[in-house]
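First comes the structure, then the notes that go with it.
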Amino acid sequence: MPTICFINPKWQICMDREFNEFWRTTVTPNLIRNTYSGFGLSILILAALTPQEYEIEIIDENLHQVDFNKNYDLVAITCCTQQATRAYEISKKFRQKEIKTVLGGIHPTVCSDEASKNADSVVVGECEDLWPKLLRDFEAGELKKSYKQKELYDLKKAPLPRYDLIEYLNYKMFWIQTTRGCPHDCNFCVASNIYGKRFRLKAVEQVVEEIKFIKSVKINPKISFADDNMFVNKNYSKSLLEKIIPLNIRWFAQTDISVAEDRELLLLLKKSGCSILFIGFESLSVDELKKTNKDNWKAKKVKYYEEYIHKIQSMGIGIFGAFMIGFDSDDVASINKTCDFIKESKIYAPQISVLTPYPGCALREQLASQNRILDKDWNYYTGLDVTFKPNRLSEKELQGQLVSSLKSIYNREHLEKNIRYFKDIFKNN
Amino acid sequence: MEKVGKNINDEEIHKDIIKVLAKITRIDASSINDDVLIRDELGIDSLMGIEIIAKVEKYYNIHLEESLLLEINRVGDFINLVKSKLK
């Protein structure tokens with residue numbers, strides 16, 4: 001029986017020593033640590049598309065070491081940018097043993113030429129149509145250097161991910177994807193580039209089946225919806241949420257602030273078990289937000305941020321609010337203003353990261369044209385390390401501002417205020 | 001939290017708190033007992049923790065320190081904490 005080993009390479013939260021020291025000792029809510037602890041979906045989808053005659057081994061290098069002495073028939077490695085260097089090392093070690101390797105995921109999709117130099121084959125784009133073809137070629141001894149998805153995949157054909165294969169790994173969260181695509185096309189994000197601006201949906205019944213499958217393999221699972229922006233299609237969202245209600249789960253999703261504009265949607269979110277919503281606020285500067293997406297979507301919403309945060313959180317739904325620092329107008333005063341806003345608006349779980357020019361996004365092209373991309377290894381593309389020359393601050397100052405701003409929002413006094421705020425909400429709900 | 005009537009009787013407190021935990025975590029009450037781990041088995045995160053404290057505080061008209069909840073690992077320990085506040 002041929003064996004395929006699927007590997008998720010090790011990644012680090014941040015390369016900066018001061019940040020890591022802070023993170024290790026902070027009173028950060030466990031939510032921040034645990035939310036993204038689930039296992040990425042790509043390997044579980046590939047496993048579902050792999051014929052039964054293959055034996056499958058899954059290694060999450062964040063939990064277990066790769067055994068390079070094992071003789072797999074094929075090694076498939078998925079990676080995002082910050083994992084790329086490690087993915088290439090793993091691939092190299094197996095290739096030295098004449099074991100064929102395949103790279104896929106976001107980074108090999110946006111840097112396919114680079115990935116191609118580091119593996120026998122590269123999957124470029126969505127994997128569902130390509131993987132069965134790749135396996136047939138592999139069996140015939142005709143593995144091609146690259147497999148490229150030319151059109152957007154029809155999610156209604158998507159297989160049931162093999163959640164049963166990771167049940168034993170005891171992740172805090174199980175990821176489910178209901179949609180792909182994001183219409184906002186922000187310049188710092190690769191989602192619209194990879195998945196398209198057109199919003200594609202799974203059938204409501206598919207999503208329900210996935211939740212039921214997770215519940216059948218794991219007692220009391222917590223579900224995280226992996227969609228980059230889950231509630232763009234409000235009618236679909238409402239139909240889905242109605243069907244989720246009887247499943248009796250608590251769940252987390254990523255969306256945009258516009259959910260606050262729809263009272264019916266908010267009520268359904270609460271009723272269906274939504275616990276936390278991740279929302280990207282990015283900046284408080286209208287001018288900077290205007291630069292992030294062409295239709296000025298976020299710039300138009302910024303004046304409603306405080307009101308909408310309150311509308312969502314007063315339902316008993318916590319906001320995991322994401323802000324970035326390092327925009328061209330950012331200086332110490334604007335970063336302090338962001339921290340003050342976070343505290344005053346009582347965002348349940350604030351996240352501040354550093355603007356990062358990921359490969360594949362428009363921001364990288366813009367900064368590269370200005371010769372502002374720093375010569376740093378992909379390991380530094382954590383979203384918490386500075387990888388470009390900031391405008392009003394030095395690289396070191398911006399890195400320092402990240403830690404000092406996080407210290408100002410993750411202190412006990414502020415957390416206790418937030419707890420009292422949410423206690424009142426829950427007592428009155 | 002459903003209003004189930006205030007009882008200071010130990011058995012009723014036990015039953016009521018399990019009912020609160022089941023409602024908030026959306027886990028069947030029959031699978032929650034004193035030995036169940038609050039965070040690892042019930043998956044209670046900090047927001048759910050605040051919700052549980054708020055409902056129990058309101059119901060019994062008591063005050064629970066949030067920091068105490070962080071130190072508690074098992075359902076039985078939480079129930080004992082509430083009982084001690086009611087004495």
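Hey, does the stretch A:336-350 have a residue that's away from chain B (no Cβ under 14 Å), open to solvent by less than 40 Å² (accessible area, probe 1.4 Å) and more than 30 Å from A:Ser275 (Cβ to Cβ)? Walk me through how you get there before you give the answer.
Applying the first criterion (away from chain B (no Cβ under 14 Å)) to the stretch A:336-350 yields A:336-345.
Next cut, open to solvent by less than 40 Å² (accessible area, probe 1.4 Å) only: A:338-339, A:341-342, A:345.
Next, from what is left, pick out any that are more than 30 Å from A:Ser275 (Cβ to Cβ): none.
There is no residue in the stretch A:336-350 that is away from chain B (no Cβ under 14 Å), open to solvent by less than 40 Å² (accessible area, probe 1.4 Å) and more than 30 Å from A:Ser275 (Cβ to Cβ).
With respect to the conditions (1) under 21 Å from the mean Cα position of the chain (by Cα); (2) more than 23 Å from A:Thr3 (Cβ to Cβ), A:Glu128 falls short on a single one, namely (2). The condition of being among the aromatic types (Phe, Trp, Tyr) and over 30 Å from B:Glu51 (Cβ atoms) holds for A:Tyr381.
What are the residues in the stretch A:378-429 that are among the aliphatic types (A, V, I, L, M), more than 14 Å from every other protein chain (Cβ to nearest Cβ) and more than 22 Å from A:Ala84 (Cβ to Cβ), if any?
Kept after step one, since they are among the aliphatic types (A, V, I, L, M), are these residues of the stretch A:378-429: A:384, A:386, A:393, A:398, A:402-403, A:406, A:409, A:415, A:419, A:425.
Adding the requirement that they be more than 14 Å from every other protein chain (Cβ to nearest Cβ) leaves A:384, A:386, A:393, A:398, A:402-403, A:406, A:409.
The answer is A:Leu393, A:Leu398, A:Leu402, A:Val403, A:Leu406, A:Ile409.
Considering only residues in the stretch A:1-59 that are assigned to a loop (DSSP other than H, G, I, E, B) and modelled with pLDDT under 85, the one that is nearest to the chain's Cα centre (by Cα) turns out to be A:Tyr36.
Taking A:Leu402 as the residue in question, decide whether it is surrounded by fewer than 15 Cβ atoms within 10 Å (Cβ to Cβ), aliphatic (A, V, I, L, M) and touching a helix residue (DSSP H, G or I) at 6+ places or on another chain (Cβ under 9 Å). So A:Leu402 fails the test. Only one of the listed residues (A:Phe231, A:Phe213) is in a loop (DSSP other than H, G, I, E, B) and farther than 21 Å from B:Lys23 by Cβ. That residue is A:Phe231.
Inspect the stretch A:251-269 for any residue being within 13 Å of chain B (Cβ to nearest Cβ), under 16 Å from A:Tyr308 (Cβ atoms) and in a helix (DSSP H, G or I) and give the result as yes or no.
So the first thing to find is which residues in the stretch A:251-269 are within 13 Å of chain B (Cβ to nearest Cβ), and the list is A:251-252.
Retained after the next criterion (residues that are under 16 Å from A:Tyr308 (Cβ atoms)): none.
No, the stretch A:251-269 contains no residue that is within 13 Å of chain B (Cβ to nearest Cβ), under 16 Å from A:Tyr308 (Cβ atoms) and in a helix (DSSP H, G or I).
All of (1) open to solvent by 30 Å² or more (accessible area, probe 1.4 Å); (2) over 16 Å from A:Ala48 (Cα atoms) hold for A:Pro132 with one exception: (2).
Applying a threshold of 8 Å to beta carbon distances and a minimum spacing of six or more residues, or different chains, the list of pairs starting in the stretch A:1-27 at a residue that is without any contact (Cβ under 8 Å) to a residue 40 or more places away in the chain and under 27 Å from A:Ile90 (Cα atoms) and ending at one that is open to solvent by 20 Å² or more (accessible area, probe 1.4 Å) and aliphatic (A, V, I, L, M) reads A:Asn20/A:Ile13. Scanning the stretch A:68-120 for residues that are in contact with a strand residue (DSSP E or B) (Cβ under 7 Å, 6 or more places away or on another chain), over 23 Å from A:Cys189 (Cβ atoms) and not charged (D, E, K, R) yields a count of 14.
Can you go through A:Glu288, A:Glu282, A:Glu261 and tell me which one is touching a residue at least 24 places away in the same chain (Cβ under 8 Å) and open to solvent by 50 Å² or more (accessible area, probe 1.4 Å)?
Values: A:Glu288 fails: open to solvent by 50 Å² or more (accessible area, probe 1.4 Å); A:Glu282 fails: open to solvent by 50 Å² or more (accessible area, probe 1.4 Å).
Being touching a residue at least 24 places away in the same chain (Cβ under 8 Å) and open to solvent by 50 Å² or more (accessible area, probe 1.4 Å) holds for just one of A:Glu288, A:Glu282, A:Glu261, which is A:Glu261.
Inside the stretch A:78-125, can you point out the residues that are within 24 Å of A:Tyr153 (Cβ to Cβ), open to solvent by less than 20 Å² (accessible area, probe 1.4 Å) and over 23 Å from the mean Cα position of the chain (by Cα)? Across the stretch A:78-125, the qualifying residues are A:Thr101, A:Ala119, A:Ser121.
The values are calculated or read from the model by the stated rules, or taken from the named source; none is laboratory data. Everything quoted here is computed from the prediction, not taken from an experiment. Neighbour counts are summed over all protein chains in view; Cβ atoms, including those assigned to glycine, are modelled from backbone coordinates with ideal geometry. Protein only, heavy atoms only, side chains kept; ligands, DNA and RNA dropped before computing areas. Shrake-Rupley method; radii C 1.70, N 1.55, O 1.52, S 1.80 Å.
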